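Here the structure comes first, spelled out in structure tokens, and everything after it is commentary.
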Amino acid sequence: MSTKVLICDDSKIARKQLTKILPTDWDIELEYAHDGQEALDFIVSNPVDILFLDLNMPVKDGYQTLEALQSFPSMPKVIVVSGDVQPKAVQRVKEMGAVAFMKKPALAESLQDTLLSLELYSKAKTTQQAPSAVTHSVVDDFSLSDSLQEVSNIAMGRAASVLANMLNVFIKLPVPNVNILEVGELQMALDYGVKGDSCSAISQGFVGSGIAFETLLIFSDSSFPDMAKLLGVTEEITREIETELLMDVTSVLVGPFMAAIGKQLNIDFSHSHPVLLGQHVKIPDIINVKKATWKRTLAVEIVYEVENYQISCDLMLLFTEDSVPTLENLLSFLVEEDE
């Protein structure tokens, strides 16, 4: 009898990548869901043996899906496949019933070993293609936005893990937003992220292999007290202390993020020193500082929040317009590697 497998991930690239590394001699019926709610709706009327589950998704994320599955009469074996590699994330999903955790991008050998160890798959004596894995349609038309979102998703998980370990906290991660923005639209996006509060911002430039962009890390000023507490700062929080805190967190978030982006694209990025763009200012003040260079940009936005603390920061990657064709070309090669 065929094993019924459901892959749940909002990323078309992640769904395709995981499909490609499933054992070719595994007799399965394979289906897909784009988010947790879609997966739950499918499982209600179509019993599933194994669910490969992402964590960072719209509508219902992986945690909410795992929680809902606990009330099901028959819960599938859940293998979480995620870019969120925080130790607390791994611990949390296993406490919620997941039988295994694999980090993105998953490797064929690791996946097979996991399936074998869980006795969910056994190697066939003669190799035969799994009909569903081959014939089921996986969308092959990937946009720049799809590709960049998945690369950023993996990178943000690596960065969050470093920060989480340093502060001994859990970082709540969103789905990255990827858009082409004019200056006015960029201001609206940032206004939404910091919810109208005054903020402080640091920028840093990166360049490599024909790609140039700037990272912009924006902290709501209301984050400083809890940030200082977590970093063990006991003295009065002066502007100088705030700048040190900003630089410390920027280094921890941006460094690992860029290392993960560079590894996926096979690029060693050169970078400038971080620059303080503004302290206790409004978003329009930050935009005005850089308006001449941000006329139109490809933007990736990630909002990091620390669970149980009033700490949030908005990380944006702002690519120059002439970098877009090169970036699109590199990302297309990345997708083709999974063919």
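The values are calculated or read from the model by the stated rules, or taken from the named source; none is laboratory data. Because the structure is a prediction, the values reported are computed rather than measured. Here Cβ is always computed from backbone atoms with ideal geometry, including for glycine, and neighbour counts include all displayed protein chains. Heavy atoms of the whole protein, side chains included, go into the accessibility calculation; ligands, DNA and RNA do not. Shrake-Rupley method; radii C 1.70, N 1.55, O 1.52, S 1.80 Å.
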- Kirkwood Rh (inverse of mean 1/r, distinct Cα pairs), the range 1-94, angstrom: 13.4
- Note on the structure: Those helices of the chain passing the 27 Å axial Cα length cut-off and the mean Kyte-Doolittle cut-off of -0.5 (DSSP H runs only) are 144-167, 239-265
- Query: Sorting Val90, Val80 by accessible area (1.4 Å probe), largest first, what list results?
  - Reply: Val90, Val80
- Could you tell me whether the range 1-54 comes out rounded, prolate or oblate from its Cα gyration tensor? Rule is a ≥ b ≥ c as square roots of the eigenvalues, rounded for a/c under 1.5, then prolate if a/b exceeds b/c, otherwise oblate. oblate
- Task: Report the extension gain between Asp248 and Asp49 in nm, rounded to one decimal, defined as 0.36 nm multiplied by the number of residues separating them, less their alpha carbon distance.
- Result: 67.1 nm
- Message: Using a 1.4 Å probe on the protein heavy atoms, what percent of the accessible area of the chain belongs to carbon and sulfur?
- Response: 50
- Out of all DSSP beta bridges with both ends in the chain, state the antiparallel percent to the nearest 5. 70
- Net charge dipole size for the chain [Lys, Arg +1 and Asp, Glu -1 on Cβ; Debye, nearest 20]: 400
- Message: Just to check I understand the Karplus step: with θ = phi - 60° and J = 6.51 cos²θ - 1.76 cosθ + 1.60, what whole-Hz values come out for the range 204-215, glycine and proline as x?
- Response: 8, x, 9, 8, x, 6, x, 10, 10, 7, 10, 9
- Message: How large is log10 of I(q)/I(0) for the chain at q = 0.07, 0.08 Å⁻¹ when the intensity is taken from the Debye formula with one equal scatterer per alpha-carbon?
- Response: -0.32, -0.42
- Query: Tally Lys/Arg at +1 and Asp/Glu at -1 over every other residue whose Cβ is under 13 Å from the Cβ of Gly205; what's the total?
  - Reply: 0
